1. Go through the stretch B:66-122 and name the GluC sites (Glu not before Pro) that are in a DSSP coil and have 16 or fewer other Cβ atoms within 10 Å of their Cβ.
2. Suppose R0 equals 30 Å; then what is the FRET efficiency for A:GLU176 and A:SER322 from their Cβ-Cβ distance, rounded to the nearest 0.05?
3. Here is the link list: A:LYS10/B:LYS315; A:LYS46/B:LYS325; B:LYS5/B:LYS38. Which ones come out longer than 32 Å on Cα distance?
4. Could you tell me how many cubic angstrom of Cα convex hull volume the stretch A:261-343 has per residue?
5. Which value in nm describes the separation of the simple spin-label points at A:LYS46 and B:ASN166, placed 7 Å from the Cα toward the beta carbon?
6. Binning at 10 angstrom from zero up to the longest distance, how are the C-alpha pair distances of the stretch B:192-251 distributed in percent?
7. Express in whole angstrom the spacing between the alpha-carbon centres of the stretch B:228-272 and the stretch A:16-43.
8. Once the Cα atoms of helix B:35-47 and of chain B are each reduced to a long axis, what angle between those two axes, in degrees from 0 to 90 to the nearest 10, is obtained?
2 protein chains.
Amino acid sequence: MANKKKATIKDIANVLNISPAAVSKALHDDSRISEKTKKAVKQVAKNLNYQPNHLASALRKGKSNLVGVIVPRTNSNFFSSVIQSIEEVLNKEGYNIIITQSNESYKKECDNIDALLFTQVDGIIASMANETVKLDYYEKVKSKGIPLILFDRGENDLNVDYIGINDYESSHMIIEHLVNQGCKRIAHIGGFKRTRIFNNRIKGYIDAIKKHNLPLEDELLIESSLTIEDGRAKMQQLLNLENKPDAVYVAGDYAALGALQVLNENKINIPQEMALVGFGDEPFTALIKPSISSINQHSKEIGRLAALTFLEHMKKDVVKQSLNKQILDAKLVVRDSSDISSN
Amino acid sequence: MANKKKATIKDIANVLNISPAAVSKALHDDSRISEKTKKAVKQVAKNLNYQPNHLASALRKGKSNLVGVIVPRTNSNFFSSVIQSIEEVLNKEGYNIIITQSNESYKKECDNIDALLFTQVDGIIASMANETVKLDYYEKVKSKGIPLILFDRGENDLNVDYIGINDYESSHMIIEHLVNQGCKRIAHIGGFKRTRIFNNRIKGYIDAIKKHNLPLEDELLIESSLTIEDGRAKMQQLLNLENKPDAVYVAGDYAALGALQVLNENKINIPQEMALVGFGDEPFTALIKPSISSINQHSKEIGRLAALTFLEHMKKDVVKQSLNKQILDAKLVVRDSSDISSN
DNA sequence: TATATTTGCTTAAACGATTAAGCAAATATA
DNA sequence: TATATTTGCTTAATCGTTTAAGCAAATATA
C-alpha cells in the first residue's frame, strides 16, 4: 500500500481551475460561491478523498478544537462516566477531548497540564489529584486565558467554574438515614481534610451528628486515603474500640468495600450489628453481598454541565473566569448494608 | 486578568535583533548557533514566558505528535492500565495520546476513528469493540499510511501489528488447573465467537477438554456478552441443567462475578461443589468473597509493547504494515474460587 | 599570502487553510 | 440608458514555525 500524498485544497483547486480560496469557501458553504461550483468542489473533494488538515485551520483560526480533561484516574466508574458525558456533548460541537490521568500525583498532574497547554487545547476540564495543594499550575492555565472548569475535586481559591454535588448536604442525608434506621453511634471514615469535598463531607457529618444529639467523638472520625487497603485498616481500627460504633459512613466506595471485607471476616452482622454507607455509587456496590448503600453523584449530569460551561466560555470572546459554582443534589441509594427496617 | 497575547518566536527575535530563524535554531540547539546567542534566546524566551506553538510546528513538520488510542471502555482495570503504560512510554518521546472509548459500539468506533484522523494523529493504537466485524474504517486508517497497532481485540485480516496474550494456551492452563483440582465436568461461558480472542479461548477450551478426555457437550459451552448480567443469566442456565458441571471457566471477570453471585444466592459451595475461574485479573477478583481465580493479561507489558511498536514505525520513513504478532504468555492467578486442594 | 573551511547568522519559502480586500461581470434599480 | 448593487470569483496576506539555501566574516590549511 503506497504512502500516497494527502489531497489538499490546492489539489481540488487545480482540478477545477479555480483558486484555493474559492474551494475553501465552497466547502464552508459561503454565500458568495455559486451552487454549481459548490457541487463541483464537493464532488472533487470526495473523489480525491480530501480530508481537511485540522492543524492548518487550527493554526490560522487560533483554535485547536481540542479540550483537555484531567482526572485522577479513568479506572473508576464516576470518572469514566463523567468523561463519556463530556465527550458526548463536545463531540457534537466539533470538539475532541484529550484525556489524561494524574494517578493522584501532583507531579503527574503538572506534567499533564504542560502537555495540554503544549497541544494548544482550547480549554481544560479537570478534577484535582488528592495530592494537589499548590495551585500554581492551575494559575498558569488561568493566566494564559484558557477556560478552566473544575468538577468534583475543585478549589474555591482558584475562582473558576466548578461543578459538583452538595457534599455537606449529602452527609446530612446519610446521617439522617442512619438515624432513621435506629443507629446511635455513627463513625465516619472520611477523606483528607485538605481536599475540599472531603472536608465538606466531614463538616456535614459533624453538624448532622450534633443536630441529632449523637456522640461526636474523636475516635469515631478518621481521615483516610480511601483506598481499599486503607478502608480495611480504618475499619479494623474502629472494631478495636472499646465502645464500637453501630454504623459507619465511609466517604468513598472502595474504602467502604475494604471495610465491608473486614466486617465480613469478623462475622459482624450487617446491617444489624453495623450499618455501612459508602459514597460514589460505583457499580460494584450493587453487586456484592451485602450490597452497599451509597451516594449517587450524577456523573452524567456533572459531565454534561462541565462541557456546557466550557462551550459557554467559547461563545464569549473574552474569557472572564470567576467562581461560578453549579451544585447538584446527590441521591442516597439505600441498599442492604444499611437497610435495617426491611431485614 | 487581561488576555495577553502569547509570545512567539518573532517576539524573541525582535528583542534580540536577530532573525526568527536564528531563534528557532537556538531553541533547538542547532550547532550553527553560538552558545552566546543560545543563552540569550533561552533567557528571553523564559522572560516572555514563551511556549512554542505546537500547531505551527506540527503543520510545518507534517507531524502532530499525537497518538490516538481507542478502547471499548476506560472503565476497566485492564484497559486503563494498558493506557497508562502507553502514555508513560510515549510521553517520554514527546508524544501525547488522545483516548477515546467505543463503548463496544461499531458506530462510535467509526466516529472515533474519523475524529482521530481529523486531528491528524500520527498513529492509532486500538482494541476493537465487541460489535465490530466490518473492518472498513480500519482499512481507511491503513490506506492513509497511518501506523495502526491493535491489542487484545484484534483481527488477523487487517494485517497490522498486534499485541496480545496467548488466549488458546490460557484456556489450556485453566483446564489443566481445574483438572488438577479434581474437576470432571467443566463448562465454559465464553465470549462471542466472532471476536478472535474469544474464539481462541473457546478453541483452547475444546481442545483441552478433548485432551483430558472430559465430556465436551453443547450445553456446557455457552456464548455470552460477558456482562455481569449475562454472567448471571448463563450461570443460572448451567444450574438448571440435569447434569450440572463441577467447574465453570468464564471468559471475562465481570461475567464471572455475575456467575459467583448466582452461585452464592443458590448456596452452592465454592469451590467444592463448583469451581470458578475468570479471565482478566480485574482487581475486584481478589477482593470479593470468595476471591476469583483469573488470568493476568500483563496489561502494563501490552501497553509498553504497543507504544514501542508505534515508535518503531515512526523511526522508519515508510510505513509498511504487516501482520506482526507479539504474543505474551498469560499467568493464571489461583484464588479461593478454584483452590480445592488447600481448602 | 592565498585559498578552503567553518561559523554564525539571514533570507525566503513552505506547511495548508482562512479571510480581508478587490475586481470584473451580471443583474437590479432609477 | 446610466448607475448601483449583487454575484462569483481572485489575489495576497496571514497564522507560527521550520528549513533549505546563501552569504559574509572568522578561522584553518597549504
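Rule-based calculations on the coordinates, nothing more; no lab input. Small disclaimer: the values here were computed from a predicted structure and weren't measured. Quick reminder, even Gly has a Cβ in these numbers, built from the backbone with ideal geometry, and neighbours come from all protein chains shown.
1. Numbers: sites: B:GLU87, B:GLU88, B:GLU93, B:GLU104, B:GLU109; in loops: B:GLU93, B:GLU104.
Counting only loop positions with at most 16 other Cβ atoms within 10 Å, the GluC sites (Glu not before Pro) in the stretch B:66-122 are B:GLU93.
2. On the way: r = 34 Å, r/R0 = 1.12.
Computed FRET efficiency for A:GLU176 and A:SER322: 0.35.
3. On the way: A:LYS10/B:LYS315 29 Å; A:LYS46/B:LYS325 35 Å; B:LYS5/B:LYS38 24 Å.
From the list (A:LYS10/B:LYS315; A:LYS46/B:LYS325; B:LYS5/B:LYS38), the Cα-Cα distance tops 32 Å for A:LYS46/B:LYS325.
4. Expressed per residue, the convex hull around the Cα atoms of the stretch A:261-343 is 116 Å³.
5. So the two model labels end up 5.0 nm from each other.
6. Going from the shortest bin to the longest, the percentages are 20, 53, 26, 1.
7. If you average the Cα positions of each part, the centres end up 62 Å apart.
8. It works out to around 70 degrees.
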